[in-house]
Amino acid sequence: PRVAWAQDWVPPNIGWESEQAAYRCYWGQFDFFGKKRAELIYPIMKAGESYHGELEWGIDALHVNETCGLGGITLYVNGKPHPVYSPGGKGAIVWSKKLIEETKDVVAIELLAEHVGPEDAPYTVRFKCSALANRKDSPIQVTMEGGNPNDTIEVGLGIRKLPQELFAVDKEAGILANWGIQEPAIGWIGLGVVYPKAMVVRTAELPNEHQVIVRAENGKPVNYCIQGTWLKGRRFDRCPTLSNWVGDLKETAKIAGLD
């Protein structure tokens with residue numbers, strides 16, 4: 001197998017990975033692990049093991065704190081924001097998760113968020129998160145169901161701000177990205193979202209997040225990709241910049257068909 005998945009090694013985690021990159025989600029907050037080499041790490045991770053320091057295989061490369069992390073979303077209903085994540089598991093949203101596909105080259109999990117948005121007409125938000133062999137990104141498909149048929153809905157795709165960062169929105173390529181340092185133990189990282197540029201409505205700056213907001217329709221999926229990189233895990237020395245990282249994400253956009 002060149003893909004793997006795991007859940008509940010630290011409840012309520014669920015993770016999915018290719019040999020190139022590992023992602024996880026808990027309460028709607030998206031995260032990634034930095035790898036030192038191309039290998040599957042979920043089969044060898046140990047319950048209770050701390051990965052906040054560097055291990056033989058790599059490190060937890062992003063601390064999401066109170067944010068959406070890497071590619072979490074906010075649902076906008078008639079212009080009002082409703083974050084689809086629950087730091088610490090607090091709030092009205094009810095979460096569930098499961099495996100929905102597994103082959104030697106593809107793995108996909110489903111994350112379900114119920115009771116999202118207005119109390120009188122709530123939404124169910126369904127994420128399908130995939131890992132594909134030899135891919136460094138993770139394709140995400142998110143679908144909103146329920147609510148009021150007269151609602152205007154939009155989806156804010158976000159990345160958390162880093163204490164020290166350079167940031168870019170490439171509207172022609174459909175890329176939201178930053179490059180910087182969150183803490184010295186982790187070092188330099190890059191966060192990126194590749195989004196369907198034809199569906200963009202606007203961008204937004206929140207206190208702890210950068211967002212690009214796209215149009216959405218009830219029952220119709222919105223497709224995008226998330227990608228993270230950990231500089232210390234790269235095999236050869238170099239001094240990449242934000243523009244280099246955006247270049248990597250442009251290649252992802254071409255592969256994903258979102259360019």
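The values are calculated or read from the model by the stated rules, or taken from the named source; none is laboratory data. A quick note: this is a predicted structure, and the numbers were derived from the prediction, not measured. Please note: Cβ atoms are built from the backbone with ideal geometry, for glycine as well, and neighbour counts cover all protein chains shown. Each accessible area value is taken on the protein alone, full model and side chains, heavy atoms only, with ligands, DNA and RNA left out. Shrake-Rupley method; radii C 1.70, N 1.55, O 1.52, S 1.80 Å.
General remarks:
- Subset of segment 181-196 (residues that are out of contact with any Lys or Arg (no Cβ under 6 Å at 6 or more places or on another chain) and over 19 Å from Gly72 (Cα atoms)): Ile181, Glu183, Pro184, Ala185, Ile186, Trp188
- Residue check, Glu66 under 30 Å from Pro240 (Cα atoms), more than 19 Å from the chain's Cα centre (by Cα) and not in a strand (DSSP E or B): no
- Residue check for Val107: in a strand (DSSP E or B), touching a residue at least 12 places away in the same chain (Cβ under 8 Å) and more than 19 Å from Val222 (Cβ to Cβ): yes
- In the set Arg215, Arg160, Arg235, only one residue is open to solvent by 10 Å² or more (accessible area, probe 1.4 Å), touching a Cys at 6+ places or on another chain (Cβ under 7 Å), charged (D, E, K, R) and touching a residue at least 60 places away in the same chain (Cβ under 8 Å); that residue is Arg160.
- Among the conditions (1) more than 17 Å from Cys68 (Cα to Cα); (2) within 20 Å of the chain's Cα centre (by Cα), Ile153 misses just one, which is (2).
- Among the residues examined, Lys197 does not qualify as touching an Asp or Glu at 6+ places or on another chain (Cβ under 9 Å), within 18 Å of Ala61 (Cα to Cα) and open to solvent by 70 Å² or more (accessible area, probe 1.4 Å).
- Residue list for segment 119-138, filter: of a type outside the set (Ser, Thr, Tyr) and open to solvent by less than 30 Å² (accessible area, probe 1.4 Å): Ala121, Val125, Phe127, Cys129, Ala131, Ala133, Asp137
Conditions (1) more than 18 Å from Arg37 (Cβ to Cβ); (2) open to solvent by 60 Å² or more (accessible area, probe 1.4 Å); (3) hydrophobic (A, V, I, L, M, F, W, C), marked per residue:
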position	(1), (2), (3)
His210	yes, no, no
Lys220	yes, yes, no
Ile226	yes, no, yes
Trp245	yes, no, yes
Gly257	yes, no, no
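- Residue that is least open to solvent (accessible area, probe 1.4 Å) [pool: residues in segment 10-61 that are among the polar types (S, T, N, Q) and free of Cβ contacts under 8 Å to residues at least 24 places away in the same chain]: Asn13
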